[in-house]
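Beneath this line is the structure, given in structure tokens, with notes to follow.
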Amino acid sequence: QRDHYHCRNCNNTKGLHPHHIKYASAGGADTLDNLVTLCANCHRAVHDGFLKVHVQEVCSKFEGSYTVKFVPQRGWKP
């Protein structure tokens, strides 16, 4: 709901997944402030190293939420 049922990177509305900003395997929590909505393609690109997620600032609109920036890595094609 927070992300308006859209991928935060490409705005797709199909095949949405929650992605941990700080990976669960690295101690990241299953809380809204550590999750961002991504479509299946963008989520796969993040885990394959073609798309990086950078936290930019705390977003005041949603308490405990972050503004994130997506940085395509060399070789990624959406």
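Every read-out reported here was derived from the displayed coordinates using simple, explicitly stated rules and does not represent laboratory data. All values derive from a computational prediction rather than experimental measurement. FYI the Cβ positions are ideal-geometry reconstructions off the backbone, even for glycines, and counts take in every protein chain you see.
The modelled label-to-label distance between LEU32 and GLN1, using points 7 Å beyond Cα along the C-beta direction, is 0.8 nm.
Applying the Karplus relation 6.51 cos²θ - 1.76 cosθ + 1.60 with θ = phi - 60° to segment 43-49 yields 3J(HN,Hα) values of 4, 5, 4, 5, 6, 8, x Hz, where x marks Gly and Pro. If R0 is 25 Å, what FRET efficiency do you get for LYS14 and PHE50 from their C-beta distance, rounded to 0.05? It comes to 0.80. Computed 3J(HN,Hα) for segment 9-20, one whole-Hz value per residue from the Karplus formula 6.51 cos²θ - 1.76 cosθ + 1.60 where θ = phi - 60°, is 8, 10, 6, 5, 10, 9, x, 7, 10, x, 10, 6, glycine and proline marked x. For LYS52, the residues 5 or more places off, or on other chains, whose built amide H falls under 5 Å of its own are VAL71, GLN73. Whole-Hz Karplus values for segment 29-36 come out as 7, 8, 10, 4, 6, 10, 10, 9 Hz, taken residue by residue from phi with 6.51 cos²θ - 1.76 cosθ + 1.60 and θ = phi - 60°; glycine and proline positions read x. Residues whose amide H lies under 5 Å from that of CYS10, counting only those 5 or more places away or on a different chain, are CYS39; hydrogens are built 1.01 Å from N in the peptide plane.
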